[in-house]
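The structure appears below as structure tokens.
Coordinate-derived values only; no laboratory data. Computed from a predicted structure; not experimentally measured. Positions of Cβ are generated from backbone atoms using ideal geometry, with glycine treated the same way; all protein chains shown enter the neighbour counts.
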Amino acid sequence: MLGQDKQNKVLARTVATTFGQIGLVLPEQVSIASAPVIKQWVLSLKMLGRGDDREQAYRGLIATMQFEHNRASLCQNFPFVCFALQAYKDPPCDLEAQFVQVVQHLATQVRSEQAANWPAYVQTFPPSLS
């Protein structure tokens, strides 16, 4: 059982990295394909170690966010997207600026959808974001 958990983490990191790298090359196609798995993708991103693979994976995620195909899924999983972005400590300045831009854009959209329930909605965020 213990070995299986380790294999699942390795697989999750590999898939997150691969999705991100493909997202850099084919962002619209990954945007379409990622909608059903966006939560798992962003949760897997936070498990990535330091290095080029992590940076490429996050850049690929950001590249796919420019399309509307996965927007509903991103908004639905907004707390997890925020959690994954804040888990990347000391990103390159340009990537950090993109994180801020994405969070602001998604937050505006989510706030408009959750206007009446915003305080309750924020309570659903992972504890490190509240």
Which far-off residues, 5 or more places away or on another chain, put their amide H under 5 Å from the one on MET47, with H placed in the peptide plane?
none
Contour excess over end-to-end distance, with Cα ends at VAL10 and GLN109 and 0.36 nm allotted per residue
32.3 nm
For an R0 of 30 angstrom, estimate the FRET efficiency from the Cβ-Cβ distance between ALA116 and ALA72 and round to the nearest 0.05.
0.95
Run down the lysines and flag those whose C-alpha is under 19 Å from the C-alpha of LYS9, throwing out any fewer than 8 positions away in its chain.
LYS39, LYS46
3J(HN,Hα) from dihedral phi, the range 81-98, Karplus parametrisation 6.51/-1.76/1.60, rounded to Hz, x for glycine, proline:
5, 4, 4, 5, 5, 6, 6, 7, 7, 6, x, x, 3, 5, 6, 4, 4, 5
Consider just the alpha-carbon atoms of the chain and return their Rg together with their Dmax, both in angstrom.
14.6, 46
Mind listing P(r) for the range 45-116? All alpha-carbon pairs, 10 Å bins, whole percents.
19, 54, 23, 4, 0
Computed over the chain, the relative contact order (Cα-Cα under 8 Å, seq sep at least six) in percent reads 26 percent
Dipole moment magnitude, nearest 20 debye, the range 2-122 about Cα centre, only Lys, Arg, Asp, Glu C-beta charged:
360 debye
